[in-house]
Amino acid sequence: MVDAAIGEDAIARPRRAVRRRGLRNALKRKSTTAFLLTLPLILLIALLVVYPALYSVHLATLNKSMQRFVGFGNFEFLFKRDTFWLVVKQSCIFAVTAVVFKALIGFIVAHFVHNIPAKGQRKWRGMLLVPWVIPPAMSTLAWLWLFDPSYSAFNYTLAFFGIGPIPWTGDAAWARFSVILVNVWYGAPFFMIMYLASLKSVPDQLYEAAAIDGANWWQRIWYVTLPMMRNIIAITTLFSLIVTFANFDIVRILTAGGPLDKTHIFATWAFRVGIEGSDIPLGASVSLFMVPILAVAAIFILRDVNKRGNES
Amino acid sequence: MSRRKLNRRQFVAATAATSAVMITAPYVRGAYAAGKLSMGFWDHWVPGANQASTDLVNEWAAKEKVEVQIDYITSQGKKIELTIAAEGAAKSGHDLIAMPTWWPHAHAELLEPVNDIMGPIIQENGEVNGTVKYLGQSGGKWLAVPSCVGSQIKGPCTRIDLMKKHAGIDVQQLYPAGGPPKADSWTTETFLKAAEACQKAGVPFGIGLGETTDSVDSAGAFFQAFGAELVNAKGDVTVKTDAVRQALEFYKRLIAALPPDVASWDDASNNKWLVSGKGAMIMNPPSAWAVAKRDAPQIAEQCWTHGFPVGPKGRYAPFLPYFWSIWSFSKNKEAAKSLIVHLSKPASIEKMVAASGGYDLPAYEKLTTLKIWQEQGPPKGTLYHYPNPYNHQTLSIAASPAPPKIAQQIYAQATMTKMCLRYAQGEKMEATLAWAEGECEGFMRS
């Protein structure tokens, strides 16, 4: 018995030592340090993002008075509502149109800024970023005054040329145009700054080689600039698509979803149904419907980024 | 070391004294002997009006030895509704909270019944109007007590001069200051003709058709004047009726006489319309007139607040009450009830109404003739008929008499203004009705 006890202890001791050494080695590893350093942020995200997300999933499974579990009942109800499909359609139109224009304008402006001599470039960069750094709730209020039904500054100016008055927020088509315009104005600087950073990382030698080969400006963009920027373009587009889909403040302030629900997007309609209509489970279901749409977009875009990463 | 000995007498005396202190301690009233009470009140937009509430609460707190904390919560951006929703979901927050219109019903299961205090309050102040009963009661149980702060009637505010000049109507004669209304000729048909005349003269009526409350409230009152109900009191969908068709025809004619951009109006648009001097009438509580008094006094002195026109089924005016409600999870319900009783005393109500410049409206029948409404001006008496002193119009809320939880959906989704717009923009009557019927069926979910 005694021998056996001594024997077991003798075996356990080196095992414990190995484990201690293993822990020491793990702590020495850079990835462990990185994980520990990011742990507070991970916990914060879990608290502020994961918990509310799970809670909204829970809410979406309850009945209107939040006392009974209804499973997918809220979604089944939504799928039968015409207004819901109108909101889905409008959210897609809003997000896709706004992101396309933001990307296009950001790309063009980034080229202009890139070609400004380094000395003056900083000023331009700063000025062009202004729309993006002003809180959108504030800047949209200024746009609201510009579009005001009765006192629109735009209509006042257009009247000098015999044009208008244009019902900026009173007609469905114009209202959609207005909310997209403000979103593009707000978001284009983000694309501009991302593209500018990407442009600066394209080696000059590639352009020189293209010039020697006789490439014109379009061929330089198509065969040099775009391939070098494609990962940034993809990631920026994905990020912007997510943010634009989830937009609330611009539409809420400018049109509140009107006229006749023609500018409602997921977030504004979720607010209307959930808070103003006191049907929080249905509101949660509306906002959760964004998840599958964005997940599909994210899978496609990120898969493309991975593919390109592997190619390079 | 000397040790003091405790004899038997001293021991008995000390024990008796300690027991006496321990037994009486809870009954000794310290500064905050009755505990704490937190309240979320609506943040008034009339400068200084909050102070009247604060003073009344402090006066009560000092008397009752309660530590109070008041938060004034704005209704801008629906913040008060968001706070109510958050506190309801968390089952934690203020003890007492101000709830607008539909919210007591929406949170009925989470509210402390207040029948015990409502009875004596009604006895003292007089009967409450039907809208307050509809919104504040559920199954014979009072869910909340009507608050005068924030409660309002959104009646017509007319430009005396423009109406007389272009439509030939003297609103001061229809609604004389200090006397009962002589408004038999003030019908929906007269109203339409006046709207058309003012539009021709370049000063159209400013009645919104957006999705915010001012637009919905006006549409609601006109629908009721025609007897048009989208859902009846039993909860049946009653969209396809002649009354609804008549209301839509009326609105189609009215929309043709309104500014072309009314579809995008919000609750500020009509106020701006009046203050700019561009229009002959808006539907609003006296806040627009108060702004005009400050920013455009020459317009304010031509404004007259009065009653709605009478329709085939009666004369209705939108009344939007606020309520003081007590959460069932409140830790000091008795103190909350005591405070509400104090705030509902006629003297307290008079102070709050005066501080709001006559904007706030008590829901009780004995309190519609306060001095403030007789004195306010210019022009003097402009608010005399604002509180409906002669009861000549039925105070109502859009979408009633549908069961409140359904009506709230109709109201929040602005179904009535959307119907009016759709029909006025050329959609066929039956298509508009079919659309509205589908919407209302969707609002039935529980």
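Quick note: the coordinates plus some simple rules give every number you see, no bench work behind them. Computed from a prediction, not measured in an experiment: that's the story for all the values here. Quick reminder, even Gly has a Cβ in these numbers, built from the backbone with ideal geometry, and neighbours come from all protein chains shown.
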Practice task
Name the residues whose placed amide hydrogens come within less than 5 Å of the amide hydrogen of residue B:73, ignoring near sequence neighbours (fewer than 5 apart) on the same chain.
Solution key: B:41, B:42, B:43
Practice task
Would you mind checking B:154/B:345; B:182/B:293; B:91/B:272 for any pair whose Cα atoms are more than 29 angstrom apart?
Solution key: B:91/B:272
Handout entry: Cα centroid of region A:113-158 to Cα centroid of region B:144-164, whole Å
Key = 39
Handout entry: Lysine-lysine proximity count for region A:53-185, Cα under 24 Å, sequence distance 8 or more or distinct chains
Key = 4
Practice task
Determine ³J(HN,Hα), in whole Hz, for all residues of region B:238-255 in sequence, where each value follows from phi through the Karplus function 6.51 cos²θ - 1.76 cosθ + 1.60 and θ = phi - 60°; x replaces Gly and Pro.
Solution key: 10, 6, 8, 10, 5, 4, 5, 4, 4, 4, 5, 4, 4, 5, 4, 5, 5, 4
Handout entry: Ranked A:243, A:286, criterion: other C-beta atoms within 10 Å, fewest first
Key = A:243, A:286
Practice task
Could you state the angle between the C-alpha long axis of helix B:415-424 and the longest principal axis of the C-alpha atoms of chain B, as a value from 0 to 90 degrees rounded to the nearest 10?
Solution key: 10
Exercise for the section: Would you mind telling me the antiparallel percentage of the DSSP bridges in chain B, rounded to 5? Expected result: 60
Problem - Helix axis angle, A:82-114 relative to chain A longest principal axis, alpha carbon, degrees - result: 90
Practice task
Work through the residues other than residue B:350 whose Cβ is under 12 Å from its Cβ and net out their charges, Lys, Arg +1 and Asp, Glu -1.
Solution key: +3
Exercise for the section: Would you list which lysines come within 21 Å of residue B:351, measuring only between C-alpha atoms, while excluding same-chain residues fewer than 8 positions from it? Expected result: B:63, B:337, B:366, B:371, B:380
Practice task
Only Lys, Arg, Asp and Glu count, each charged at its Cβ (+1, +1, -1, -1), so figure out the dipole size of region B:272-353 about its Cα centre, rounded to 20 debye.
Solution key: 200
Exercise for the section: Report, to the nearest 10°, how far helix A:2-28 tilts away from the longest principal axis of the Cα atoms in chain A, using its own Cα long axis and a range of 0 to 90°. Expected result: 30
Fill in the blank from the handout: At the level of C-alpha centres, the distance separating region A:80-110 and region B:379-446, in angstrom, is 32
Exercise for the section: Per DSSP H run of n ≥ 4, the term is -39500 (n - 2.57); total these for chain A, divide by its residue number, and report the mean residue ellipticity at 222 nm rounded to 500 deg cm²/dmol. Expected result: -24500 deg cm²/dmol
Practice task
Please state, to two decimals, what the Cα-based radius of gyration of region B:369-436 comes to when divided by 2.2 N^0.38 Å (N = residues).
Solution key: 1.69
Exercise for the section: Please figure out what share of the DSSP beta bridges in the protein assembly as shown is antiparallel and state it in percent, rounded to the nearest 5. Expected result: 60
Handout entry: Hz values of 3J(HN,Hα) by residue in region B:126-143 - Karplus curve (6.51, -1.76, 1.60), Gly and Pro given as x
Key = x, 5, 8, 6, x, 5, 5, 5, 4, 8, x, 10, 9, x, x, 9, 7, 8
Practice task
Under 15 Å from the Cβ of residue B:95, count the other residues' Cβ atoms, weight Lys and Arg +1, Asp and Glu -1, and hand me the total.
Solution key: -1
Problem - Proximal lysines to residue B:200, defined as alpha-carbon separation beneath 17 angstrom and excluding residues fewer than eight positions away on the same chain - result: B:164, B:165, B:252, B:278
Exercise for the section: Excluding residues fewer than 8 places away in the same chain, name every one of the aspartates and glutamates whose C-alpha is closer than 13 Å to that of residue B:79. Expected result: A:276, B:43, B:71, B:87
Practice task
Express in whole angstrom the spacing between the alpha-carbon centres of region B:287-304 and region B:322-347.
Solution key: 35
Fill in the blank from the handout: Taking placed amide H atoms and a strict 5 Å upper bound, the residues 5 or more places from residue B:111 or on another chain that come that close are B:328
Problem - Least to most buried among A:261, B:242, A:304 (fewest other Cβ within 10 Å first) - result: B:242, A:304, A:261
